[in-house]
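Below is one structure, written out as structure tokens, with a few remarks after it.
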Amino acid sequence: MEISTYLNNARKQIDSKLEELTGSYSNVPYFTLFDSARYSLSAPGKRLRPLLVLATAASYAVPLETALAPACTIEMIHTYSLIHDDLPSMDNDDMRRGQPTLHKVFPEWQALLTGDYLLTHAFEVLANAPHVTGDQKIALIRTLSSRAGAHGMIGGQMIDLLSVGKEIDWDLLEKMHVGKTAALIVASLEFGGIIAGAPEKDLEALRKTGFAIGVAFQIVDDILDYTSTEQELGKPIGSDRGKSKATAVPLLGTDGAKEKAAELLQVADENLRALSQPAPLIKVLIDQMVHRRK
Ligand code: GRG
């Protein structure tokens, strides 16, 4: 099958699985929680993280259906993080994925609870995931809780907010990017490897690939904040600059940031080549991640 056909089909399957997993409960007094969850989940995101899970699993010939529910849990955690990040007490953003942010459409408290719901529900879905063994479920839950936790995504977000208005060095900025952005991308590759029962040597190469492409992805995000348009990004450009956020461009310059991203892609490529299986789908996704306009 053509890679683009595989990815288009995978995107559709992710969208419909997400809809199925977040159900619609019209007969409960809190039914509107599911409306707000759907509002954010069904917005046109790139679905990079679940696609990375499926692409990694597919490299080991695991059927898409086996990895689909676990893949969707990473999108749930990612979506929760975007909802919370946009709240007035954090980044106070009005637009996300080309539409008003959740707290602009529903009450702020509901946006907070919708994020909480998606975070909690992801672990319920993992515990009940079909097609994976009990040991694999434990490994998936351990991986996701740790990558999304204090020493992963939350730690990165802490550095981000603690650094507002301050000059920070590359070392701290890289730690922020590793936590805020790379951690979930690492988890995505690890998920594919765990579901495939990949050997530890491959899992380590997948982790190294994930860290490299995760930081490169964030550097591209920082560059787009300077070079893209609001229409393309689906949110205002220059929003990080306007909030005195620490980003790669003022620290390294646009050319320096591009060079850094290129170095990281080289690291990712070397590690992908060290896998016991060829991984053409992962390579295509990495290409899309760095050569994007939004
Ligand atoms: C609130 C715990 C907590 C964490 C927030 C994800 C995050 C951490 C903040 C969002 C802002 C931001 C720039 C994060 C870096 C990761 C990133 C580039 C997110 C956007 O990911 P895309 O481009 O988004 O994959 P789509 O909408 O395509 O899914």
In the stretch 151-159, is there at least one residue being within 13 Å of the ligand (Cβ to nearest atom), under 22 Å from Q218 (Cβ atoms), in contact (Cβ under 8 Å) with a residue 40 or more places away in the chain and of a type outside the set (A, V, I, L, M)?
-> yes
Matching entry among S228, S188, S244 (being hydroxyl-bearing (S, T, Y), closer than 30 Å to D94 by Cβ and within 11 Å of the ligand (Cβ to nearest atom)) | S188
R142 vs. criteria open to solvent by 80 Å² or more (accessible area, probe 1.4 Å) and free of Cβ contacts under 8 Å to residues at least 60 places away in the same chain | yes
Can you find a residue in the stretch 61-69 that is more than 13 Å from the ligand (Cβ to nearest atom), part of a helix (DSSP H, G or I), under 15 Å from the mean Cα position of the chain (by Cα) and surrounded by 21 or more Cβ atoms within 10 Å (Cβ to Cβ)?
-> no
Where D240 falls short, out of the listed (1) open to solvent by less than 60 Å² (accessible area, probe 1.4 Å); (2) farther than 21 Å from I159 by Cα = (2)
Are any of the residues in the stretch 115-129 in a loop (DSSP other than H, G, I, E, B), within 24 Å of V215 (Cβ to Cβ), more than 16 Å from the ligand (Cβ to nearest atom) and open to solvent by 70 Å² or more (accessible area, probe 1.4 Å)?
-> no
Check whether at least one residue in the stretch 255-262 is more than 13 Å from the ligand (Cβ to nearest atom), in contact with a Leu (Cβ under 8 Å, 6 or more places away or on another chain), within 30 Å of M1 (Cα to Cα) and open to solvent by less than 60 Å² (accessible area, probe 1.4 Å), and report yes or no.
-> no
In the stretch 96-114, which residues are of a type outside the set (G, A, S), away from the ligand (no atom under 11 Å from the Cβ) and either surrounded by fewer than 17 Cβ atoms within 10 Å (Cβ to Cβ) or in a helix (DSSP H, G or I) (or both)?
-> P100, L102, H103, K104, V105, P107, E108, W109, Q110, L113, T114
Check the stretch 35-43 and report whether any residue there is away from the ligand (no atom under 16 Å from the Cβ) and either assigned to a loop (DSSP other than H, G, I, E, B) or modelled with pLDDT of 95 or more (or both).
-> yes
P88 vs (1) free of Cβ contacts under 8 Å to residues at least 24 places away in the same chain; (2) in a helix (DSSP H, G or I): all pass except (2)
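The values are calculated or read from the model by the stated rules, or taken from the named source; none is laboratory data. All figures in this text were calculated on a predicted structure; none of them were measured in a lab. All Cβ positions, even for glycine, are placed from backbone atoms using ideal geometry, and neighbour counts span all protein chains on display. Note: areas computed on protein heavy atoms with side chains; ligands, DNA, RNA excluded. Shrake-Rupley method; radii C 1.70, N 1.55, O 1.52, S 1.80 Å.
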